[in-house]
Amino acid sequence: TALCWTGSSLVFEIAARRVGSLAVNLIRVTLALGWLAVLALLTRGQLLPTDATAAQWGWLALSGLVGLVLGDLCQFRAFVEIGARRTLVISTTTPVFAAALGWLTLGEALHGRDLAGIAIIVAGVVLVVRARASGAPTAPARAAAVRGLLLGLGGAIGQAGGLALAKHGLAGYHPVAGNQIRMLAALAGFALVVTAARWWPSVTGAVRDRRALAFTGVGALLGPTLG
């Protein structure tokens, strides 16, 4: 999973720098739905998650909106601001936020070993964030670093919320089908965001960029599908 998500983040960064993070988000969930439909047909003999209950649809759709729309909007913009590598370091705080949400909402206990792990993760992120490049950073570079840090943390919190919600919806249900529901909800969410931002001409231009489309297709296979 970590290998797939790392690979997808690197190619998504390339695509987002070419055509914009919002366009890449909309295109990748669309392509991921195609990949997931093939995978669902191979693994469970059903093209679509028509056997999900209303409760499963509700939990998983909400998970898609929180984790894939809100969380990934922040993370993909962080890719542009500070790059995929530093964003991925910040995203290692996702388990920390997920553990906190599990403790608050699901009654999951945090033991001494868990707290030690949280401390190590936070310390590692702080060390990387505080590390300075050679030479004095310019004011725009400092501003981009701050924006990237906040966006990266926003992405981690959103993804943690999406994971906590998905845990409810995936109980007793097939993970591939569950992910299809999350992607369908994300597609609707991103379509609303693109409409509100009047970004459809940019999305059309992004689809015509074959290089960006190829990178996004590979990322959609690695991250939301196989990962």
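Summing Cβ point charges (Lys, Arg +1; Asp, Glu -1) relative to the Cα centre of segment 43-117 gives a dipole of roughly 220 debye. Solvent exposure of the chain amounts to 52 Å² per residue of accessible area, where only protein heavy atoms count and the probe is 1.4 Å.
Its Cα centre serving as origin, the chain has a Cβ charge dipole (Lys and Arg +1, Asp and Glu -1) of approximately 700 debye. Only one residue of 226, 15, 26 has its Cα farthest out toward the positive end of the dipole of the chain, where Lys and Arg carry +1 and Asp and Glu -1 on Cβ, and that residue is 15. Surface composition of segment 63-194: carbon and sulfur make up 71 percent of the accessible area, probe 1.4 Å.
Considering only 150, 160, 138, the residue lying farthest towards the positive end of the dipole of the chain is 138, judged by Cα position with unit charges set on Cβ. Where a ≥ b ≥ c are the square roots of the eigenvalues of the C-alpha gyration tensor, would you call segment 110-223 rounded, which needs a/c under 1.5, or, failing that, prolate if a/b is larger than b/c, or oblate? Oblate, since a/c reaches 1.5 and b/c is not below a/b.
A Förster radius of 41 Å combined with the Cβ-Cβ distance from residue 51 to residue 115 puts the calculated FRET efficiency at roughly 0.55. Over every Cα atom in the chain, the radius of gyration and the widest Cα-Cα span, Dmax, amount to 17.9, 58 Å.
The values are calculated or read from the model by the stated rules, or taken from the named source; none is laboratory data. Keep in mind that this is a model prediction, so the values were computed, not measured. Here the Cβ is made from the backbone with ideal geometry for all residues, glycine too, and neighbour counts use every protein chain on show. Ligands, DNA and RNA are stripped out before the accessible areas are found, and what is left, the full protein with its side chains, is counted by its heavy atoms. Shrake-Rupley method; radii C 1.70, N 1.55, O 1.52, S 1.80 Å.
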